[in-house]
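Here is the structure we will look at.
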Amino acid sequence: MERRAQVVDASASPHAKIRPVPIEAVKLEDEFWAPRQRVLRERALPTQYRLCEETGRISNFRRASGKEGGEFQGYFFNDSDVYKWIEASAFSLAAGPDRELESLVERVVDEVAAAQDDDGYLDTYFAFERKGERWANLREMHELYCHGHLFQAAIALYRSTGARKLLDVACRAADNITNVFGPGGRQGTPGHPEVEMALVELYRTTGQGAYLQVAEAFLDNRGRGMVGGGQNLIDHRQFRELDEIVGHSVRSLYLNCGATDVYMETGDKALWEALDRLWHSLAERRMYVTGGAGAHYDGEAFGVDYELPNAMAYAETCAAIANVMWNWRMFLATGDARYVDVLELALYNGALSGISLDGSHYFYVNPLADRGDHRRQEWFPCACCPPNIARLLASLQGYAYGASESEVWVNLYAQSKMQAQLPKAVSIEQRTGYPWQGDVTFAIEPKAEVDFGLNVRIPGWCERAELELNGRRLEASIGPNRFIALRRTWSAGDVVRLSLHMPVERIESNPLVDENLGRVALRRGPLIYCLEQVDNPDFDVWNLIVPTDASLMAEWEPNVLNGVMVIRGVGLAIDSDWSDRRLYRPPVAEGRGARRVKFTAIPYYAWANREPGPMTVWVGSLRMP
């Protein structure tokens, strides 16, 4: 088969404006993402496999097939972690061969296939003694969620390597779901959405319309009380009536992914109108400056508008990943760069902070302020986040470009080489130091002269951009969708240069975010910064004030955190004379106890990779007289 390892294959979706460029068509050669993918392949994926074995996740499949005895191990949804690991490995194999990893995947796939029942059902928790409980508790038991991850793993492996074994397993399992929940069958909807987008992708892969119909049915059955009618499971209203993003943040965002996939196939106007309302609710009132999502520990849920606590932020790594996934689909449906802006924000900040620099430890929760107690863990009893960040990082190339019959969209900037058919073969080499530098060069190399449009994204954070074509400055206008469109007949040797001005910026919150009133965050390019105590030993970073007229400078530090651009400046540290027996007192004279200090800020994604200590994203701001 022709390899087309796309995360979302909207190539034939009638209501998608953009089709993705496959992973194998983009070769990363940069100093930011490519090393992370090497660490992922060499360390993270082997370690995650070992932990899946040590914690009984793979043994559960052997037990279900009769190869091993004993009790089921771990949480009832542990199958999903194995499937996400397979998916991550598949996307890694799409980027380049690795016989050892491929052999490991084949062994795990054999165990999965052996555990499938004759009727296609596959969930190791419901083997043997629990067989009579199947589909009895869709609200809590995650059967459909696990099946969704099975489908996505199978599709990724098939598209990346051509291997059909797991895809055949997935189709038999999907046929079983269709027989149970399809027309004339049982009414239901999953307590944890995920299967909706997976069924649509399986429809795109196989052409089986029944899979799309069941995905639509699961979506339409929400709000009818089938999983309790509660807001946390987004069962309080029908989807097309939703006007605010609520509930468990991962479930909500996964549901939006599935709804967007259904829209791209059906063109349901009411569905799109609901998705648009939900996106504005998230991006304008309920999303962290890092692209993280979910304010509450209770229910891992969104809060009300502007409820965005810092130290108590939940901001689960999986929620930031889901934010990337949803905005990718919204972009494919529209070609609008504002969705890529949110994707990029969540990718570089809220999601990337979920994995350590050495690829061996993970955050489940990503606060924006901490006193030094929150540290990454090697694994979790509920281990959804580690293989989830692995599958995102392994598939990065698949988000970099979009295409149509005669246009290319450049979404993410990273040194790379891309090949596409427009319909003639075109090669584009991208040279850049992004995200540290804003200069990007595109070398266009068609095999023969070809007319096509090159659309380069101007990120929402960028206030000023300049463009050159073959050394000539262009007065190109930024379109309403934040792309600059260059349409011409291209020849080998054509060069486009883009300069994105990347100053250090102060970011303010809407004043209704009460924790951030009078405070600012620091941003440079796509990166949000934080202050960590290890870089600022002379004062408590929670007590820093950055005057509005303070000069802020970016400086490259090759020996810090694998090489980062830090932000340096001079601020005021408020040395507290409070005793631990006093909670309140009358205010003292303004400026009392303040002293000038030099401070250093680092990218948020890199915090907690060194010695523990206080950290904060938001710092005090003061207008000096």
Point to revise | Of residues in segment 479-523 being in contact with a Gly (Cβ under 9 Å, 6 or more places away or on another chain) and of a type in the set (Gly, Ala, Ser), the one nearest to PHE599 (Cα to Cα) | key: GLY518
**Study point:** Among the residues listed as PRO14, PRO46, the single one being more than 21 Å from the chain's Cα centre (by Cα), at pLDDT 95 or above, not charged (D, E, K, R) and not assigned by TED's automatic domain parsing to the domain that holds THR260
**Key:** PRO14
Review point. Just one of VAL570, VAL520 is in contact (Cβ under 8 Å) with a residue 40 or more places away in the chain and either aliphatic (A, V, I, L, M) or farther than 30 Å from SER281 by Cα (or both); which is it?
Key: VAL520
Practice item. Confirm whether ASN510 is out of contact with any helix residue (DSSP H, G or I) (no Cβ under 7 Å at 6 or more places or on another chain), buried (at least 19 other Cβ atoms within 10 Å of the Cβ) and either modelled with pLDDT of 95 or more or of a type in the set (D, E, K, R) (or both). Key: no
**Study point:** Cross-chain or 6+ apart pairs with Cβ under 7 Å, segment 53-80 first and in contact (Cβ under 8 Å) with a residue 40 or more places away in the chain and assigned by TED's automatic domain parsing to the domain that holds CYS382, then among the aromatic types (Phe, Trp, Tyr) and assigned to a helix (DSSP H, G or I)
**Key:** PHE72/TYR125; PHE76/TYR125; PHE77/TYR145; SER80/TYR145
Practice item. Determine which single condition ARG164 fails, assuming it passes every other condition in (1) closer than 20 Å to ARG204 by Cβ; (2) touching a residue at least 24 places away in the same chain (Cβ under 8 Å). Key: (2)
Check your understanding: Taking segment 363-418 only, how many residues are assigned to a loop (DSSP other than H, G, I, E, B) and touching a helix residue (DSSP H, G or I) at 6+ places or on another chain (Cβ under 6 Å)?
Key -> 11
Practice item. State the number of residues belonging to segment 529-559 that are touching a strand residue (DSSP E or B) at 6+ places or on another chain (Cβ under 6 Å) and not in a loop (DSSP other than H, G, I, E, B). Key: 17
Exercise for review: Report, ordered by the first and then the second residue, all pairs with beta carbons closer than 6 Å, sequence separation of six or more or different chains, a first member in segment 180-197 that is within 15 Å of GLY148 (Cα to Cα) and touching a residue at least 24 places away in the same chain (Cβ under 8 Å), and a second member that is of a type in the set (Lys, Arg) and assigned to a loop (DSSP other than H, G, I, E, B).
Suggested key: THR189/ARG222; GLY191/ARG139
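The values are calculated or read from the model by the stated rules, or taken from the named source; none is laboratory data. Keep in mind that what you see is a predicted model, and the values were worked out from it rather than measured. Positions of Cβ are backbone-derived with ideal geometry, glycine not excepted, and every protein chain shown enters the neighbour counts.
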